[in-house]
Amino acid sequence: LVGEVKELKYVKDVVVKEADALIAASGIEMKYLVGTMIEIPRAALTADEIATEAEFFSFGTN
């Protein structure tokens, strides 16, 4: 759940660093994607920018 690309970039960097370390330590190969929910108005308005970092979007529908 982010509102703009700089937030996703920060979170993605942390997730990738930690995930890659855990995967390397486990000795197994695993692929993963990092994406975000488009759940707040700002995210919807800046989705084109967020898409440069997100590998997928999930939309809140409730």
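The values are calculated or read from the model by the stated rules, or taken from the named source; none is laboratory data. Since the structure is predicted, the reported quantities are computational estimates derived from the model, not experimental observations. Here the Cβ is made from the backbone with ideal geometry for all residues, glycine too, and neighbour counts use every protein chain on show.
Results, tabulated for the structure shown:
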| quantity | calculated |
| --- | --- |
| ALA43 being of a type outside the set (S, T, N, Q) and either at pLDDT below 95 or in a strand (DSSP E or B) (or both) | yes |
| Residue count for region 12-43, restricted to those that are surrounded by 13 or more Cβ atoms within 10 Å (Cβ to Cβ), within 13 Å of LEU1 (Cα to Cα) and not β-branched (Val, Ile, Thr) | 6 |
| Residue count for region 44-62, restricted to those that are within 15 Å of LEU1 (Cα to Cα) and without any contact (Cβ under 8 Å) to a residue 12 or more places away in the chain | 6 |
| Of residues in region 10-31 being part of a helix (DSSP H, G or I) and not aliphatic (A, V, I, L, M), the one nearest to the chain's Cα centre (by Cα) | LYS12 |
| Condition met for VAL2 (modelled with pLDDT under 95 and on the phi < 0 side of the Ramachandran plot) | yes |
| Test set (1) under 11 Å from the mean Cα position of the chain (by Cα); (2) surrounded by 14 or more Cβ atoms within 10 Å (Cβ to Cβ); (3) modelled with pLDDT under 95 - GLU7 fails condition number | (3) |
